[in-house]
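Contents: one structure, followed by commentary.
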């Protein structure tokens with residue numbers, strides 16, 4: 001087991017002028033002591049690491065004999081003409097610099113600018129809603145509808161998904177777009193959207209936020225109708241079925257869809 005280390009020992013100690021016979025005696029003496037043998041292994045490994053002339057060892061089997069499967073990684077070279085890319089997210093965070101007063105002023109300015117941007121966005125959104133509401137009112141008026149309930153129809157659509165044109169058309173067919181009313185029919189239907197009491201109670205919704213549901217209240221009736229229609233498939237490609245579930249009449253469905261189309265419905 002000592003034999004593989006003799007070439008290494010000869011290589012290092014011959015540089016110091018030590019005769020081969022003395023080298024052999026030293027090696028045999030060291031190898032017979034376990035602690036000294038371990039020290040010798042460590043010395044060899046350190047010598048290989050710090051040796052500046054690694055090309056001599058790299059072209060021989062000495063390093064493999066002493067270190068087994070340990071190999072030296074080839075150092076990577078850097079092209080001085082090639083720019084080094086640094087990922088932006090890995091760059092160090094740049095902290096604000098300045099006096100306490102300057103930093104406070106900068107913070108206030110940043111907050112003020114953010115608030116102004118938010119106000120501008122809200123104003124723009126509000127203006128857009130107003131434009132859409134006005135356009136909806138104009139569409140209703142042009143088709144012979146009362147534009148008074150335009151925002152109510154749109155809010156019901158946004159809440160349940162039922163197209164506002166269908167809601168408006170049913171409202172017109174049932175009561176000519178009545179507001180709050182106790183109007184009834186011979187079949188027992190009541191209110192602005194002509195609900196049977198049991199049907200209304202099943203689907204009832206509070207459309208005006210007063211904490212109550214009233215079959216005679218136009219807001220509650222419109223919201224309840226929108227929910228009833230949505231449950232039947234309105235707004236999901238099943239508008240005909242939803243309207244038929246509301247009133248089991250093919251002619252009724254045709255009339256409602258015809259009026260809805262005059263409002264821009266294209267379902």
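The values are calculated or read from the model by the stated rules, or taken from the named source; none is laboratory data. The structure displayed is predicted, hence computed values, not measured ones. In this analysis, Cβ positions are derived from the backbone assuming ideal geometry, glycine residues included, and neighbour counts consider all displayed protein chains.
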Open item on the list: For residue 188, only one of the following conditions fails: (1) assigned to a helix (DSSP H, G or I); (2) farther than 20 Å from residue 157 by Cβ. What is its number?
Closed with: (1)
- [ ] Would you check if residue 237 is more than 14 Å from residue 171 (Cα to Cα), assigned by TED's automatic domain parsing to the domain that holds residue 153, under 35 Å from the mean Cα position of the chain (by Cα) and buried (at least 16 other Cβ atoms within 10 Å of the Cβ)?
- [x] no
TODO: Quick one: residue 182 ticks every box in (1) in a loop (DSSP other than H, G, I, E, B); (2) under 14 Å from residue 193 (Cα atoms); (3) touching a helix residue (DSSP H, G or I) at 6+ places or on another chain (Cβ under 9 Å) except a single one, so which number is it?
DONE: (3)
- [ ] Find the residue count for segment 247-267, including only residues that are within 39 Å of the chain's Cα centre (by Cα) and buried (at least 16 other Cβ atoms within 10 Å of the Cβ).
- [x] 4
Open item on the list: When you check residue 232 against the structure, is it touching a residue at least 12 places away in the same chain (Cβ under 8 Å) and either surrounded by fewer than 17 Cβ atoms within 10 Å (Cβ to Cβ) or out of contact with any helix residue (DSSP H, G or I) (no Cβ under 6 Å at 6 or more places or on another chain) (or both), yes or no?
Closed with: no
TODO: Name the residue, out of 131, 101, that is closer than 30 Å to residue 192 by Cα, more than 30 Å from the chain's Cα centre (by Cα) and in a helix (DSSP H, G or I).
DONE: 131
Task: Criterion violated by residue 257 - all others in (1) within 28 Å of residue 132 (Cβ to Cβ); (2) touching a residue at least 12 places away in the same chain (Cβ under 8 Å); (3) in a loop (DSSP other than H, G, I, E, B) satisfied - done: (3)
Task: Test: residue in segment 117-137 that is buried (at least 17 other Cβ atoms within 10 Å of the Cβ) and not assigned by TED's automatic domain parsing to the domain that holds residue 256 - done: yes
Open item on the list: Take the conditions assigned to a loop (DSSP other than H, G, I, E, B) and under 26 Å from residue 132 (Cβ atoms) and apply them to residue 264. Does it pass?
Closed with: yes
Open item on the list: Suppose the filter is assigned by TED's automatic domain parsing to the domain that holds residue 248 and either touching a helix residue (DSSP H, G or I) at 6+ places or on another chain (Cβ under 9 Å) or not in a helix (DSSP H, G or I) (or both); does residue 214 pass it?
Closed with: yes
TODO: Please tell me if residue 224 is touching a residue at least 24 places away in the same chain (Cβ under 8 Å), more than 19 Å from residue 161 (Cα to Cα) and assigned to a helix (DSSP H, G or I).
DONE: no
Open item on the list: Among the residues of segment 138-148, are any outside any helix (DSSP H, G or I) and crowded, with 22+ Cβ neighbours inside 10 Å?
Closed with: yes
Open item on the list: Of the conditions (1) part of a helix (DSSP H, G or I); (2) crowded, with 19+ Cβ neighbours inside 10 Å; (3) touching a residue at least 24 places away in the same chain (Cβ under 8 Å), residue 173 satisfies every one except a single condition; which number is it?
Closed with: (2)
TODO: With respect to residue 142, determine if the residue is in contact with a helix residue (DSSP H, G or I) (Cβ under 8 Å, 6 or more places away or on another chain) and closer than 28 Å to residue 251 by Cβ.
DONE: no
